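> First the structure, then my questions, so here it is.
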Amino acid sequence: MLAELDATSRISGAVNGWWLWGPCAADWPASTDDRYTGPWDAETEVPILLIGTRHDPNTGYQNAVGSEKLLGNAVLLTHDGYGHLSFNDGSACIEAARTAYLVDLNVPEPGTVCEADKKPFFYD
């Protein structure tokens, strides 16, 4: 598992694996046969909205592109912004799309790109 994470993100793949899952998984006392193991490309009735930030140092944009392909019925909305998570780098365009999805289950056109409202470090 750590090798897969490391191959996906050479900067933080294995580190995140050990940091996030290692401590709790090492002595976890439970197991189940009732966990979902796929398929991950099942067609959903409603498209899944993915939001990927182009310059996210922790979750690389290429992972969002790969997730869109893997999920099958998904639309990737590109946040041309910075930092980890689109919530942390405001974009009225992203918020409008997120609201349209959560309220009416409408996804934007494939290939839609939303700019961040401010430049990095808030300089104009």
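The values are calculated or read from the model by the stated rules, or taken from the named source; none is laboratory data. All values reported here derive from a predicted model rather than from experimental measurement. When we count neighbours, we look across all protein chains shown, and the Cβ atoms used for this are built from the backbone with ideal geometry, even at glycine. For accessibility, only protein heavy atoms count, side chains too; no ligands or nucleic acids. Shrake-Rupley method; radii C 1.70, N 1.55, O 1.52, S 1.80 Å.
> Once amide H atoms are built 1.01 Å from N in the peptide plane, which residues 5 or more positions from Ala74, or in another chain, come under 5 Å H to H?
When sequence neighbours closer than 5 places are left aside, the close amide H contacts are Ile48.
> Right, next: How do Asp41, Asp34 stack up against each other in accessible area, from largest to smallest, with a 1.4 angstrom probe? Can you show the working numbers first?
Numbers: Asp41 95, Asp34 135 Å².
Per-residue accessible area, sorted high to low, gives Asp34, Asp41.
> Would you grab the residues whose amide H sits under 5 Å from the one on Ile51? Only those 5+ places off in sequence or on another chain, please, with H modelled 1.01 Å from N.
Placed amide hydrogens put Leu77 under 5 Å from Ile51.
> Quick check: pseudo-label points 7 Å beyond the Cα along Cα→Cβ at Asp104 and Ser67, how many nm apart are they?
Simple spin-label model gives 2.5 nm for this pair.
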